[in-house]
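Colleague: Below is the structure I would like to discuss, written out as structure tokens.
The values are calculated or read from the model by the stated rules, or taken from the named source; none is laboratory data. On a predicted model such as this, the values are computed, not experimentally measured, just so you know. Methodologically, a virtual Cβ is constructed for each residue, glycine included, from the backbone with ideal geometry; neighbour enumeration extends over all protein chains shown. Accessible surface areas use protein heavy atoms only, side chains included; no ligands, DNA or RNA. Shrake-Rupley method; radii C 1.70, N 1.55, O 1.52, S 1.80 Å.
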Amino acid sequence: MATFTDDFTRADSTDLGAGWVEVSGNLWAIISGQLSPGSAGGTILVRAATAMDSNDHFAQMTIAATTSASQGVWCRGNANFTQGYLLRNSGTSWDLFSVVGNNFTMIGTYAVAAAPGDTAKIQAVGSAIKGFIGGVERISVTDTAVATGTAVGLRSESTSGLRYDDFAAGDISTAAEATLSTVTSTDTARPLTGTKTATLSSAGATETAQALTGIKAAGLTPAGATETAQPLLGVKTATLSTVVEEATARPLTATKTAVLTRAATVEQAMPLTAPGIGPGDGPGLDITVGPPHSGWTVSAPYTDWEVGPPC
């Protein structure tokens, strides 16, 4: 399985070395450790002297400096690049071409301009042709226009604004560059119906999972809402302290009896029976004070007096 790489880290020279064949232009040169296409104008081609061993391979390059000019990488080409596949940027987009008899047919595009540091890679595996920019697959098509070819290389406009670095190519079957083709069909995974047996090591200890029977307490966060307190439907029990004194004020509804003491003496003022006669009115009036009138008596206390509620 063939591979080819070149980082161009060598002295400035118009001789690229034995690893390269200038297909057209004779303008390529090594400048400051990078590959330059010169500045004469027009489009020029260069290919690796090492051919790939199979028709399924990739080729890639790093764009060290760029401008709005044609620049691209070639795979599955013939010796003079009149056929093959080309991934090229002309200043506005990366375009994928099939080339047959030096006729270019665009078969895919990724509308992004080239930028310094971009790694452009083209890959052909059977009829699956792909373009990668910066390691990301951006174009993928199926094309059968070019079935064979083992040449890899570069195609570029000759302008001083372009520089290339770190060229690499290799057969797709090499471990480092193997890429899976697009899946053409899918199958549903089926459940395992057999038995898988494995030898288990001895358990160090066994435990039985216990049911949770306790209560887990945790601090509650402040309530986000409040609710109206509900009446107590049960019984609330509390310990009462000892009663010091208990009395119920009652209204006076019975009879209050008072005992009266007996009078020592009772006298009654008698009216004067002879009006206009008083002491010294003259003889003829005999006034005698005798014992109390026997008609007055003091009886037992009166029992029918009642004392009612205060007014």
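Residue by residue, here is whether (1) part of a strand (DSSP E or B); (2) in contact (Cβ under 8 Å) with a residue 60 or more places away in the chain; (3) open to solvent by 50 Å² or more (accessible area, probe 1.4 Å); (4) over 23 Å from Thr119 (Cα atoms) holds:
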position: Phe4; (1), (2), (3), (4): yes, yes, no, no
position: Thr9; (1), (2), (3), (4): no, no, yes, no
position: Leu16; (1), (2), (3), (4): no, no, no, no
position: Glu22; (1), (2), (3), (4): yes, no, yes, no
position: Leu35; (1), (2), (3), (4): yes, yes, no, no
position: Ser39; (1), (2), (3), (4): no, yes, yes, no
position: Ile44; (1), (2), (3), (4): yes, yes, no, no
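Colleague: I need the full set of residues from the range 66-76 which are closer than 21 Å to Trp20 by Cβ and either among the acidic types (Asp, Glu) or touching a Ser or Thr at 6+ places or on another chain (Cβ under 8 Å) (or both), in order please.
Modeller: Ala69, Ser70, Gln71, Gly72, Arg76
Colleague: Also, I was wondering about something else. Which ranges mark the strands (runs of 3 or more DSSP E) fully within the range 62-165 that have 2 or more residues being farther than 29 Å from Ser32 by Cβ? Working first, answer last.
Modeller: On the way: elements: 71-77, 84-89, 94-100, 103-110, 119-125, 128-133, 136-142, 151-157.
The strands (runs of 3 or more DSSP E) meeting that bar are 84-89, 94-100, 103-110, 119-125, 128-133, 136-142.
Colleague: Run Ser32 past the list (1) on the phi > 0 side of the Ramachandran plot; (2) over 55 Å from the mean Cα position of the chain (by Cα) and report the number of the one that doesn't hold.
Modeller: (2)
Colleague: Separate question: Please go through (1) open to solvent by less than 50 Å² (accessible area, probe 1.4 Å); (2) of a type outside the set (Asp, Glu); (3) at negative phi for Ser68 and return the number of the only condition it doesn't satisfy.
Modeller: Going through the list (1) open to solvent by less than 50 Å² (accessible area, probe 1.4 Å); (2) of a type outside the set (Asp, Glu); (3) at negative phi, Ser68 breaks only (1).
Residue by residue, here is whether (1) open to solvent by 40 Å² or more (accessible area, probe 1.4 Å); (2) more than 15 Å from Arg138 (Cα to Cα) holds:
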| position | (1), (2) |
| --- | --- |
| His57 | no, yes |
| Tyr85 | no, yes |
| Ser93 | no, no |
| Val112 | yes, no |
| Gly117 | yes, yes |
